[in-house]
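Working notes, structure below.
Only the coordinates and a few stated rules stand behind these numbers; no lab work does. Because the structure is predicted, anything quoted here is derived from the model rather than measured. Positions of Cβ are backbone-derived with ideal geometry, glycine not excepted, and every protein chain shown enters the neighbour counts.
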Amino acid sequence: MSQNILIIVVMALAAIILAQVWLKGKGRSGAYRARALMTPNEAEFFGRLVAALPDHYIFPQVAMSALIEAATNDKKIAHSDRLRIAQQRVDYVVCDRYCKVIAVVELDDRTHSANKDQTRDARLKQGGVRTVRFQSKNKPSVDALRTAILPEVAVSQVQQPIAASK
């Protein structure tokens, strides 16, 4: 009988110690340090975008989940679809003055995978978001950026002088 009590006391102590270790791990706040929002290359390109689109807002490093969401009512499938984009970010989001998304702009470097990029672009397209891609090693001029991102504006600017001369 005293042996049974001893076993119960030892098991109870072991349970208390395990619970404390487990709770201590749960309460850990972590160790963090500041991280640059953009690389120097991305920051330089951001400056080009701002110069090219002065009447627009440019947001860098936006979570894809802020732009698109699962389109199904099936909770299990929707959860799975959310997980597919949960950790993904786009390089830049271009919005008009009413914060309507005009396009996602991606700056592709050697770390980009064509297959993964196609999948990301297709998901954004399903959500009605156009993706415009540029190569990091061959960045376009400010005018070329404006034309590529806002093709309808470039067309209307070309047509206005012609219409005005009539």
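See the values below:
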item	result
Cα Rg, Dmax, region 47-110, angstrom units	14.3, 44
R97-A51 FRET efficiency (beta carbon distance; Förster radius 22 Å; 0.05 resolution)	0.80
Projected-area average for region 40-164 over all orientations - Cα convex hull basis, square nanometres	9.3 nm²
Rounded FRET efficiency, nearest 0.05, which uses the C-beta distance separating S136 from A36 and R0 of 22 Å	0.85
